[in-house]
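Structure record follows, encoded as structure tokens.
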Amino acid sequence: MSLTSAATLATLDRTGPRRITDLAAVEGVTQPAMTALVRVMEESGLVERRGDASDKRVTLVCLTEVGASYVRTRRQAGVHAFERLIGELTGDEVEALVAALPALKHLAELESQDRERPKQ
């Protein structure tokens, strides 16, 4: 799976259903490229298109249970990889990581805010 596909699934998991144009802006790709990507993910059973109850003209892209399961599995694999690697660090190195956690959390929040802003 491409990084853009994985990032799109993660965005849908984090933010809920989105318009294709919104997804394209958040992921920094063109609307036609996102349309093609959504079509492939839809054929794979990872996402589905649904109408928007508040605006019948709008179609939203939604994660399916298969897509949500994929995101959870991928995240868990990342957690296990970090657990294994952290287990190989010295006590001082682990303490340094713990001390850096507030700054890392802030970076993640900034990145999340940046991803939600449409690209210029």
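The values are calculated or read from the model by the stated rules, or taken from the named source; none is laboratory data. Please read these numbers as outputs of a predicted model, since none were measured by experiment. Virtual Cβ from ideal backbone geometry, glycine too; neighbours counted across all protein chains shown. Protein only, heavy atoms only, side chains kept; ligands, DNA and RNA dropped before computing areas. Shrake-Rupley method; radii C 1.70, N 1.55, O 1.52, S 1.80 Å.
Observations on the structure shown:
- First in segment 4-23 and open to solvent by less than 60 Å² (accessible area, probe 1.4 Å), second anywhere and charged (D, E, K, R), Cβ under 6 Å, 6 or more apart: Thr4/Glu27; Ala7/Glu27; Thr8/Glu27
- Selection status of Val79, within 22 Å of the chain's Cα centre (by Cα) and surrounded by 11 or more Cβ atoms within 10 Å (Cβ to Cβ): no
- Within the set Arg50, Arg57, the sole residue that is open to solvent by 100 Å² or more (accessible area, probe 1.4 Å) and either under 22 Å from Leu9 (Cα atoms) or among the polar types (S, T, N, Q) (or both) turns out to be Arg50.
- Hits in segment 70-120 (condition: assigned to a helix (DSSP H, G or I), modelled with pLDDT of 90 or more and among the polar types (S, T, N, Q)): Thr73, Gln76
- Verdict on Glu42 being open to solvent by 20 Å² or more (accessible area, probe 1.4 Å), modelled with pLDDT of 95 or more and in a strand (DSSP E or B): no
- Within segment 1-19, considering residues that are polar (S, T, N, Q) and part of a helix (DSSP H, G or I), the one nearest to Ala53 (Cα to Cα): Thr15
- In the set (1) open to solvent by 90 Å² or more (accessible area, probe 1.4 Å); (2) more than 15 Å from the chain's Cα centre (by Cα); (3) touching a residue at least 12 places away in the same chain (Cβ under 8 Å), the condition left unmet by Asp92 is number (3).
- So Arg74, is it touching a strand residue (DSSP E or B) at 6+ places or on another chain (Cβ under 8 Å), open to solvent by 40 Å² or more (accessible area, probe 1.4 Å) and either on the phi > 0 side of the Ramachandran plot or of a type outside the set (S, T, N, Q) (or both): no
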